[in-house]
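Notes to accompany the following structure.
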Amino acid sequence: EAQVTQNPRYLITVTGKKLTVTCSQNMNHEYMSWYRQDPGLGLRQIYYSMNVEVTDKGDVPEGYKVSRKEKRNFPLILESPSPNQTSLYFCASSLIPPILAGANVLTFGAGSRLTVL
Amino acid sequence: QKEVEQNSGPLSVPEGAIASLNCTYSDRGSQSFFWYRQYSGKSPELIMFIYSNGDKEDGRFTAQLNKASQYVSLLIRDSQPSDSATYLCAVNAGTGGFKTIFGAGTRLFVKA
């Protein structure tokens, strides 16, 4: 089954304790991205990656790191989590269309709910 | 000004009616436009995408794009209670067009 898998689905941690949220896709997609979703603010892009070793900042990258060493994996790293990073996180992936006006349709993972105390 | 704006709702329509959801965007260079549906506690899923001016129909759903007015809409005909969800408008922006910007979403309730 074609899917994006995130782990963990739920996590409660404390301020300053490094954590990693993993994301893996089995669709051979070039493009992968992380979003956070907060009430009233919608989905905000944290980082995205166009391919292996190619990453770029989204709108809210502060406090997060990513890496893309393999095409299928795109982990999100919180080096020193803070309470304002409490949120629902989504990983998504897509093919990159061959033309600029094409559409990169995102497939989302099930989400990871993170609470930082 | 937010890059992608939607009325947060809630929008309430009776079963069988047409639901009209609207979205405006600020980046005139945007090329691709999307509507995603998100049920409570679930992840977003694509309903439709559009990148040419005009209408695009898929079953009960019609997306409308007007690039001159920077306006995208989604019409849901014969609305069903199962259509009750949050509808997210998204736009590709940035260099290369692969930075996807989402609106905050419109909550739709379809009353049986």
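Read the figures in this text as sums done on the coordinates, not as results from a lab. Because the structure is a prediction, the values reported are computed rather than measured. Note that we place each Cβ from the backbone using ideal geometry, even for glycine, and neighbour counts take in every protein chain shown.
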Checklist line | GluC sites (Glu not before Pro), loop per DSSP, at most 16 other Cβ atoms within 10 Å - longest free stretch of chain B | finding: B:16-112
Notebook entry, point to check: Which FRET efficiency, nearest 0.05, do residue A:71 and residue B:3 yield, Cβ-Cβ r, R0 30 Å?
Noted result: 0.55
Notebook entry, point to check: Rg and Dmax of segment A:35-97 over Cα atoms: what are they, in angstrom?
Noted result: 12.0, 37
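Would you please name the trypsin sites (Lys or Arg not before Pro) within segment A:39-117 that are DSSP coil residues with at most 11 other C-beta atoms within 10 Å of their C-beta?
Filter output for segment A:39-117: A:69.
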Item checked: Ordering of A:106-112, A:89-95 by burial proxy (mean other Cβ atoms within 10 Å per residue, highest first) -> A:89-95, A:106-112
Next item on the list: Could you tell me the distance between the Cα centroids of segment A:10-24 and segment B:1-69, to the nearest Å?
Entry: 33
Checklist line | Hz values of 3J(HN,Hα) by residue in segment A:34-39 - Karplus curve (6.51, -1.76, 1.60), Gly and Pro given as x | finding: 10, 10, 10, 10, 10, x
Checklist line | Range of Cα positions in chain B per principal axis (Å), largest first | finding: 44, 29, 22
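Which loop chymotrypsin sites (Phe, Trp or Tyr not before Pro) in segment B:1-60, with loop taken from DSSP, have no more than 11 other Cβ atoms within 10 angstrom of their Cβ?
When the chymotrypsin sites (Phe, Trp or Tyr not before Pro) of segment B:1-60 are filtered for loop state and at most 11 Cβ neighbours within 10 Å, nothing remains.
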Notebook entry, point to check: Using a cut-off of 30 Å between alpha-carbon atoms, which lysines can reach residue A:69, once sequence neighbours fewer than 8 places away in the same chain are excluded?
Noted result: A:17, A:18, A:57, B:42, B:99
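Enter the mean number of other protein chain beta carbons within 10 Å of the beta carbon of each residue in A:51-63, as an integer.
For peptide A:51-63, the averaged partner shielding equals 1.
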Check: If you take the square roots of the eigenvalues of the alpha-carbon gyration tensor of the protein assembly as shown and sort them as a ≥ b ≥ c, do you get rounded (a/c under 1.5), prolate (a/b over b/c) or oblate?
Finding: prolate
Notebook entry, point to check: When the label point is put 7 Å from the Cα of residue A:38 along its Cα-to-beta-carbon vector, which residues of segment B:7-21 have a backbone N closer than 15 Å?
Noted result: none
Next item on the list: In square nanometres and to one decimal, what's the mean projected area of the convex hull around the Cα atoms of chain A?
Entry: 7.3
Check: What range in chain B is the longest one free of trypsin sites (Lys or Arg not before Pro) that are in a loop by DSSP and have at most 16 other Cβ atoms within 10 angstrom?
Finding: B:78-112
